[in-house]
Amino acid sequence: MKLDPRTKMVMAICLSSLALLYDTPDRLLLLLAATVALLLLFRFNPGAVWGYLKPFLSLMLFLFVIQSIFSPGGAVLLAAGPVPLVTSQGLSTGASVVLRIMVVTASAMLFTTFSSRDFILGLVQWKVPYELAFMVAIAIRFLPVFRDEMINVVTAVQLRGVELKKVPWGKKTAMYRRLFFPIVFGAMLKAQQLAVAMEARGFRAYPRRTYLRRLDLRRADYMSMLLFLSATLTLMGADVMVK
Amino acid sequence: MTFLELSRVVFSYPRKMKPALTGIDLSLDKDGVTAIVGPNGSGKTTLTKLLIGVLRPTEGEVRLEGRPVEEYSLAEIGRRIGYVFQNPDLQLFCSTVAEEVGFGLANRGCEPAYVQEKVAFYLDYFELTAYRDVFPLYLSQGEKQRLAIAAVLANEPEFLILDEPTIGLDACRKKNLEDYLKKVARLGSGMILVSHDEPFVDKMAERVVTLANGRIQSDSGRKVNAAYEA
């Protein structure tokens with residue numbers, strides 16, 4: 001199904017907004033199913049979503065456990081004497097947090113179904129300043145670069161003989177904090193170099209930019225946007241009314 | 001004795017139709033200097049990454065001292081094989097140059113005095129003493145290259161794999177590296193050099209393996225190199 005990048009952006013924003021609003025696992029699960037169905041419609045391989053989520057599994061498990069323990073309410077499922085450890089409400093909150101991350105990640109995959117050029121063009125045609133649109137596109141493009149950099153650093157550390165899996169938990173936090181610093185610093189250096197390279201190639205040399213191509217919203221785009229926006233607003237309104 | 005061995009190795013990168021390496025059979029002894037040469041994209045770096053277990057073969061097997069590489073953790077391999085990446089930026093992760101050189105030793109639990117002594121030696125040998133407190137990514141390309149090599153050598157590995165070690169080095173620094181590597185080789189450490197620097201390969205290598213289009217095109221076998229004669 002071929003749609004304008006702006007339509008897909010609206011879809012992603014609608015899905016993410018609902019994911020942030022919903023707080024029950026059943027509704028979030030339905031939302032996840034709808035997002036995956038949408039990705040399939042755009043011929044996106046759902047296995048790739050799993051690939052993106054995999055590195056965050058330990059974080060999701062951690063959040064699930066923390067939320068399960070520290071969100072009291074409902075029936076007590078596990079207790080240590082008089083202290084309730086796991087409650088039905090805790091489990092529900094934990095599952096909701098994990099599902100929310102999955103929906104936001106899956107809906108963000110919609111951005112990968114069009115090029116960064118089209119992304120910038122779409123935003124500019126919506127009167128977003130070019131510099132801002134370009135900045136957002138660069139930020140999105142750099143995300144996989146940071147992921148690769150993290151993998152490289154972890155590989156390099158292990159190749160110097162450090163068994164990361166065997167580092168005690170206390171030291172592990174300190175180790176990862178130390179590794180995180182050069183990645184952030186390296187990112188800042190890259191940003192500086194990128195800025196110089198862009199200026200050297202005449203970025204912002206002229207106040208007005210011209211574009212070779214124009215994106216055109218078709219009937220299917222308007223219909224899809226209308227459907228998504230009205231459905232999202234209705235669902236949000238219904239949620240507020242129920243609460 | 002064979003230290004590293006590749007048997008009928010095929011490797012394809014994901015979503016690539018053509019394999020990067022096909023039908024690779026290669027045995028490497030624990031000593032001796034082997035150069036892997038070939039044009040860009042012939043699979044040299046891929047082959048070295050398979051040897052250290054960073055990449056897993058699509059078909060065939062890679063063995064380290066008779067055991068499949070998969071059975072070792074990356075850290076176990078790293079303690080035995082020192083690997084210098086083609087791009088030094090990929091392997092520098094500490095906050096200072098001195099910390100980078102001493103990282104491996106300090107994390108292996110060596111005495112701080114010993115680590116300091118080694119760090120001072122390698123910083124001096126690779127002319128990096130003036131930068132000991134500098135953030136590694138602030139260095140020039142040649143300095144980063146020297147630091148990456150120093151950091152790996154300081155770990156005292158049994159075997160070395162150096163991917164394009166002479167890139168960014170001036171003639172004087174290249175000579176220093178050559179002298180040091182010859183000394184390491186004379187002491188019995190084996191190494192693989194991946195390089196396009198023909199004069200460097202001629203001076204260093206006892207065996208030259210040529211790759212082309214992901215296959216071994218020729219293997220000179222081990223020959224006597226006067227540089228290692230007593």
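The values are calculated or read from the model by the stated rules, or taken from the named source; none is laboratory data. Here the structure is a predicted model, which means the values were calculated and not measured. Positions of Cβ are generated from backbone atoms using ideal geometry, with glycine treated the same way; all protein chains shown enter the neighbour counts. The area values use the complete protein model at the heavy-atom level, side chains included, leaving out ligands, DNA and RNA. Shrake-Rupley method; radii C 1.70, N 1.55, O 1.52, S 1.80 Å.
A few comments on the model shown:
- Candidate lysines - alpha carbon under 26 Å from B:Lys182, same-chain residues fewer than 8 apart omitted: B:Lys30, B:Lys44, B:Lys49, B:Lys118, B:Lys144, B:Lys174, B:Lys203, B:Lys223
- Chain A: relative contact order in percent, alpha carbon pairs under 8 Å with at least 6 residues between: 27
- Excluding same-chain neighbours fewer than eight residues apart, the lysines reachable from A:Lys2 by a Cα-Cα span under 29 Å are A:Lys54, A:Lys127, B:Lys16.
- Once divided by 2.2 N^0.38 Å, the Cα radius of gyration of chain B becomes 1.00.
- The shape of segment A:79-193 comes out oblate: with a ≥ b ≥ c from the C-alpha gyration tensor, a/c is at least 1.5 while a/b does not beat b/c.
- Shape category assigned to chain A from the gyration tensor of Cα positions, a/c cut at 1.5: oblate
- Model label sites at B:Asp133 and A:Val184, defined 7 Å from Cα along the beta-carbon direction, differ in position by 2.2 nm.
- Within the straight-line cut-off of under 19 Å between alpha carbons, the aspartates and glutamates reachable from A:Lys166 are B:Glu70, B:Glu71, B:Glu76, sequence neighbours fewer than 8 places apart in one chain being disregarded.
- Rounded to the nearest 0.05, the FRET efficiency derived from the C-beta distance between B:Glu117 and A:Ile13 at R0 = 60 Å is 0.55.
- Qualifying chymotrypsin sites (Phe, Trp or Tyr not before Pro) in segment A:113-178, DSSP loop, other Cβ atoms within 10 Å at most 13: A:Trp126
- Antiparallel beta bridges, as assigned by DSSP with both residues in the protein assembly as shown, represent about 55 percent of the total such bridges.
- Rounded if a/c under 1.5, otherwise prolate or oblate - segment B:38-103, Cα gyration tensor axes: oblate
- Legend: residues in segment A:178-197 shielded by at least 30 square angstrom of accessible surface upon adding the remaining protein chains to the isolated chain (1.4 Å probe, heavy atoms) are A:Arg178, A:Phe181, A:Pro182, A:Phe185, A:Leu189.
- Using distinct alpha-carbon pairs, which all enter the 1/r mean, Kirkwood radius of segment A:129-209 in Å: 15.2
- Loop sites in segment B:1-75: GluC sites (Glu not before Pro), DSSP, at most 15 other Cβ within 10 Å: B:Glu65
- Principal semi-axes of the equivalent ellipsoid, √(5λ) from the alpha carbon gyration tensor of segment A:1-114, are 33, 13, 9 Å from largest down.
- Taking segment B:26-46 and a reference point 7 angstrom along Cα→Cβ of B:Ser218, the backbone N atoms nearer than 18 Å belong to B:34-40, B:42-44.
- Evaluated at q = 0.09 Å⁻¹, the base-10 log of the normalised Debye intensity for the protein assembly as shown, with identical point scatterers placed on the Cα atoms, takes the values -0.82.
- With both residues required to sit in chain B, DSSP beta bridges show an antiparallel share near 50%.
- Chain A: DSSP helices with Cα axial extent of at least 15 Å and average Kyte-Doolittle hydropathy no lower than 1.6: A:25-41, A:57-70
- Residues of segment B:111-153 falling in the label zone of B:Lys183, defined by backbone nitrogen less than 15 Å from a point 7 Å along Cα to beta-carbon, are B:118-128, B:150-151, B:153.
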